[in-house]
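Here the structure comes first, spelled out in structure tokens, and everything after it is commentary.
Any read-out appearing in this document is the output of simple, stated calculations on the displayed coordinates, not a laboratory observation. All figures in this text were calculated on a predicted structure; none of them were measured in a lab. So basically every Cβ, Gly included, is an ideal-geometry build from the backbone, and we count neighbours across all protein chains shown.
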Amino acid sequence: MARLMQLRTDLKQRFQDVALKGGRYGTVIGLLILFAVFTALKPTIFPTVRNFINIFNQISLLGICAAGLTVCLVMNEFDLSIGAIATLAAVLTAGWLPHMPLLAGVVAVLVVSTIIGLINGLIITSLRVSSFMTTLGMMTVLTGFSYWYTSGSGAILYSGIPEGFLHIGKGTFFYIPYLVFFMIGILLVLHIVLNHTMTGRRMYAVGGNPEAARFGGIPIARLKILGFMISGMLAGLTGILLVARLGLAEPTIGDRFLFDSFTVAFIGAASIRVGRFHILGTLIGTLILGTILNGFTLLDVPYHLQLVVQGAILIAAVTSAGLWQGLLQSVRLRDVRRGLPGGRRESEDA
Amino acid sequence: MKGITKVFPGTVACEAIDFDLRAGEIHALVGQNGAGKSTLIRVLAGIYPRDAGEIFIEGEPVEHLTPWTAHDLGMRFIHQELNLVPQFNVAENIVLGDPYPFRFGRLIDWRRLNRHVGSVLADLGISIDPRRSVQSLSVAEQWMVAIARALYSRGRVLVMDEPTSSLTREDVQELFDLVRSLVAKGTSVIYISHRLEEVFELAQRVTVLRDGHKVTTTDVDSIDLSELVRLMVGGSPQKLYPTIEEDRSVGKPVLQADELTSIDGRLVDLSLEVHEREVVGLTGLLGAGHNEFADSLFGVGAQFSSGQVLLDGKPYEPRGARDAIGRGIGLVPAERRSQGLIGEMRIWENIILAHLRHFLIDPITQIIRHREANREALEQMRSLRIVAVGPEQEVRYLSGGNQQKVVLAKWLLRRPRLLVLNEPTRGIDVSAKAEIYGLVRRLADEGSGILFVSTEAEELAGVCDRVLILRQGRLVAEIPRRELSAQRIMEACYGG
Amino acid sequence: MPEELSSRSKEHWKRTISFVSGIRRYGIIVSLFLLFLCFSLLRPDVFPTLGNLISILKQIALLGIMSAGLTISLVLGDFDLSVAAVATWSGVMIAALLPQMSMWLAIPIVLAMGVGIGLINGFFSAAVGISPFIVTLATQTMLRGLTLWYTGGYSLYSGIPRGFIMVARGTFLSIPYLVYIMLFIYIVVYVLANHMAFGKRLYAVGGNPTAARYSGIRVVRVHLVAFMISSVLAALTGILLAARLSSGQPRAGEGLLLSAFAACFLGATTFRIGRFNVLGTLIGVLFIGTLNNGLVILGVPFYLQYVIQGAVLIIAIAASGLARSSIRASV
């Protein structure tokens, strides 16, 4: 009888171990399944190098924007203003570039968006307003500014944008669009910063246990301000590149990036390192979203239904990760028991 | 530190306290709960800004103290709460707040980090792999990590705020050896503890605080235990434990547990009985299962996989707190703040929370009879002598002892058949302890059955009719009233 | 002598602190009056008239109803981002159902859908344990998709009976029905949150879920009910919105999300600082309504209204947030 019980717990543990390892890669497996399904349905169009490059090209801007958001989320702060920053940056780019040297214009827009992030960070850390409310308010303010700026020109700005600038959005290098290089470069840099520099590790510490970070003498406020500046700057870059790609700007152009960025960042937090926001995860989330949108477009699914699926996938990804995390905790409980003084006394008795 | 004053809304937590620490000494800081010890330390750590007073370090005044300037000045803190980052491994938790070793400019050199932390741990005599996740460590090991962090980069001043409350005796001895070796190397230590025997064992000088004021600073050699207690309490030391008649008759059994085994394996074949009018102690070493049993019985811990429980002779299955309350069980949980109270709710709201049903005008509209609830809460506050502005005060502004009395009041509102107290006096000052012991005895005299779960042998000997000892989830001994002593309980716990 | 000194300094501190927190506590109410005064001085002929005051109340009715529900879920710390999408969806649904059936059948059906969406939100967040932020983000994305797909992006306006439209247009004693409905909802939700057992459970779970569980409160059920309340009131908002617009429009409710959150957060800065409360939310709604109304009357272009609203929101919360931080340090 006792042996039977033992066998049962052994089996259970083995199952948990397998589930644990599988669960971490649940979203990756999901991505592969998506690939397989679309390949089966559209074997001539979907699995081509051209289409893959196309997917990467489509997701590049979302990837950049979501990477910035990830930095904030790592510290448990929300940035709801990214969509509005992207919009404003796009509007300003389209408005300023006709009258300014290319580089100066781009730098000016980046500076403006970084300053917006700085303001967010300052309000949140020094006035201690919740980031949710601050960035919500900032979003409203910026939306107003975008409409204001475009109101003189019939809402859409498109004239006089220099050809050289548009080339950034359309040009390729070895068949790979510049935008993809932009995204990969930014993701790589942020990945290294978050995982292999003191600043990044301290950001994780702030998110993991703010009390511990505070008692450990980590300058939490400074890190949060930095995080919001990064997120603002990358949202601004997203807006700039959006103009380079589309050749126009209007005052709702970047709004989608807000909800999409949150979606992919949360899907990312359900991958590989479950329960933690990280750049690799965000990339996986972005790829999943990009693949779905690409595949559905190929299958002629109406755009609005894509929204429904997008929502469903978000819930499914996080639910499955949540279930696995539950298992994870039960396994950890086991480990804790192993390490308890009880276990040590046992060895002393023997 | 000179004339440190810290004011909170409605109270002055510290007032004009002078405190000095000499190089290479261990200076104990004692006082009852709410005396201002932790506040003083948090001012020193730069967590709370001070409202008045000056701080000098080696004669230099420190103007603007923040947690990181405190760190830079060589002050290291072990706070009351475990402050680890759960997602990090041991090495990263230890290096938290200190610079990492770098390579290629600003990239972290993980190998050197692990090697360095490993050697620091080895120096401290702690055998934990620096790459392990802190979530996989036992509580005692987690405390060792927290302590190692404070010692990682040696500071001039080490402040320890009740570091031993979660440690076993051997761990405490190891820690003390560690502290002494640090002091021998020139570090100064401020040591805060409720366990006064530790003060005499470790410290050279002691400072006593009371109600936010300094009472005195003196050499440990020139004072004895009873004098120290007198200084802390303020008057002559009152009697801590109630007198219990030798041959009390107990009533019929309230709780009969038969061969209980919990799903997580922390309790094995546990059988026990609690009678009316009886206070039964349940104890063991940290992790022996006594604390877990309290939660499981109330339906908020691990479930039982086998065995049965009878309550007043009828089968009872602990499925959740709601059922337990319905059957007349009350639980004073081990973690007062996180399990017992809703900090930002008012006193009366907390008191009626478990019995909302009894305060409804009618069951359909579910509207609460405010005035009656308020009146009954006030009655409880009077009979338990809860010190507060009134029943409308939020409980987070109360001291630890008064908060614990609010938790008790919650169950005394409807006389429980069985009251389970899980570490009811943890972190509570002496006078509140005495009141709680008296209350427990009074409740037993009035007919309830009491299961008093505690890890403090002293109080079990003082308040219980008999004491049951657990070891690794099994019942190993039962000590009746006439044999009861702290010595006897400790021996049984350690398997002597 | 030192005794005397210390008690005096204690008194001094006490008084300073209660004065400061008093100002903060009623800061929103004070600024509401200042706002009122300001607009009245700028446009004495238009703003402070009875007709305009009634029209402010009418304008805020829908926002008010939605915010009342949102307050309940925010007490638990559940950010219900789906309320605006639920309102939009409900508006479209009622417009789709009305041509086929009686208003008295259609309205309960749409409200029931709201309850169902709340249940889904609550199930995934409380029972499965996903952060409510994500769950409601996902449901709002899905609902938005469904709404746009169902309508194809066009408004539904045919076959809506006059009786239904009158719900939004009609008046009693020259006060619109909408205002009565809003006040009724506020009374109900206020009693629910402050005088009923559910309210105590709500604040207990919001304050400390573990302690609530140890007190015998079924935490998951409280979350479920809270989500249901916020969703059903959002659905009601959508129905009334359709009545006011005489049509079901696929983007009708979107603008309400920001304002509803703003109202709730503004409300959390009054009465009991840092706690979401129904009366506070009502003040918040009034504040936003007055601001919008005044800006329109002054002829401020709509984009500047955005800017001013956002800035005022941050400033108002920052002003009271300072008080909150000084209190938090003591806990």
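Overview of results
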item	result
Residues whose placed amide H lies under 5 Å from that of B:LEU282, excluding near-sequence neighbours	B:PHE452, B:VAL453, B:SER454, B:LEU468
Cα-projected label distance for B:ASP269 with B:ARG180, points at 7 Å along beta-carbon direction, nm	4.3
Potential extension, B:GLU25-B:VAL476 segment - 0.36 nm per residue separation minus Cα distance	158.1 nm
Sites C:LEU105 and B:ARG442, calculated FRET efficiency, Cβ-Cβ separation with R0 56 Å, nearest 0.05	0.35
Peptide-level mean, for B:83-92, of C-beta atoms on other protein chains within 10 Å	5
Estimated inter-spin distance, A:LEU103 and A:PHE181, nm [label 7 Å along Cα→Cβ]	1.7
Positive dipole terminus of region B:2-233, leading residue within B:VAL220, B:LEU231, B:PRO86 (C-beta point charges)	B:PRO86
Integer Hz, Karplus 6.51/-1.76/1.60 couplings in order for region A:127-144, x for Gly and Pro	9, 6, 8, 5, 5, 4, 6, 4, 6, 5, x, 4, 4, 4, 4, 5, 4, x
Chain B - convex hull of alpha carbons, volume per residue in Å³	176
Two-site label geometry, B:ASP18 and A:LEU246: point separation in nm, points 7 Å out along Cα→Cβ	7.1
Peptides ranked, highest mean first, by Cβ atoms within 10 Å: ranges C:170-182, B:15-27	B:15-27, C:170-182
With eigenvalues of the C-alpha gyration tensor scaled by 5 and rooted, region A:48-122, Å	24, 22, 9
B:SER226-A:LEU118 FRET efficiency (beta carbon distance; Förster radius 41 Å; 0.05 resolution)	0.10
Cut-off under 5 Å, modelled amide H: who pairs with C:ASP78 long-range	none
Residue-wise HN-Hα coupling along region B:427-443, computed from phi with Karplus coefficients 6.51, -1.76, 1.60 (Hz; x: Gly, Pro)	x, 10, 6, 4, 5, 5, 4, 4, 5, 5, 4, x, 4, 4, 5, 4, 4
Under the Debye formula (equal points on every Cα, no solvent term), log10 I(q)/I(0) of region B:26-70 at q = 0.13, 0.16, 0.31 Å⁻¹	-0.32, -0.48, -1.16
Average beta carbon contacts from partner chains per residue of B:373-386, 10 Å cutoff	0
Amide proton proximity set for B:GLY287, modelled H, under 5 Å, gap of 5+	none
Gyration tensor (Cα) of region A:12-333, equivalent ellipsoid semi-axes in angstrom	32, 27, 16
Burial ranking of peptide ranges B:146-154, A:128-136 (average Cβ count within 10 Å, highest at the top)	A:128-136, B:146-154
For B:GLU58, B:GLU394, order by how many other beta-carbon atoms lie within 10 Å, fewest first	B:GLU58, B:GLU394
Normalised per residue, the volume of the convex hull around the Cα set of region B:45-142 (Å³)	145
Semi-axis lengths, Å, chain C, gyration tensor of Cα atoms, sqrt of 5 times eigenvalues	36, 27, 16
Sites B:VAL62 and B:PHE102 - FRET efficiency at Förster radius 35 Å, r taken between beta-carbons, to 0.05	0.75
Cα-centre dipole for the protein assembly as shown with unit charges at Cβ (Lys and Arg positive, Asp and Glu negative), debye to 20	2400
Farthest toward positive dipole pole in the protein assembly as shown [+1 Lys/Arg, -1 Asp/Glu at C-beta], among B:ILE128, C:SER230, C:LEU98	C:LEU98
For region A:125-178, radius of gyration divided by Kirkwood radius, i.e. Rg to Rh on alpha-carbons	1.23
For region B:371-496: relative contact order, % (alpha-carbon pairs under 8 angstrom, 6 or more apart)	17
For A:300-306, mean number of other protein chain Cβ atoms within 10 Å	4
Convex hull volume per residue for region B:402-496, taking Cα atoms only, in Å³	107
For the protein assembly as shown, alpha-carbon Rg relative to the globular expectation (2.2 N^0.38 Å, N residues)	0.99
Region B:253-494: relative contact order as a whole-number percent, Cα under 8 Å and 6+ apart	29
Above-threshold pairs, the threshold being 31 Å between Cα atoms, out of B:LYS37/B:LYS410; B:LYS37/B:LYS185; A:LYS224/B:LYS185	A:LYS224/B:LYS185
Length released on extending from C:ARG162 to C:ILE54, taking residue separation times 0.36 nm less the Cα-Cα span	36.6 nm
P(r) of region B:253-494 over all Cα-Cα pairs, binned every 10 Å from zero, in whole percent	8, 32, 36, 19, 5, 0
Whole-Hz couplings from phi, Karplus 6.51/-1.76/1.60, listed for region C:156-170; x for Gly and Pro	9, 9, 8, x, 8, x, 4, x, 5, 5, 5, 4, 8, 9, x
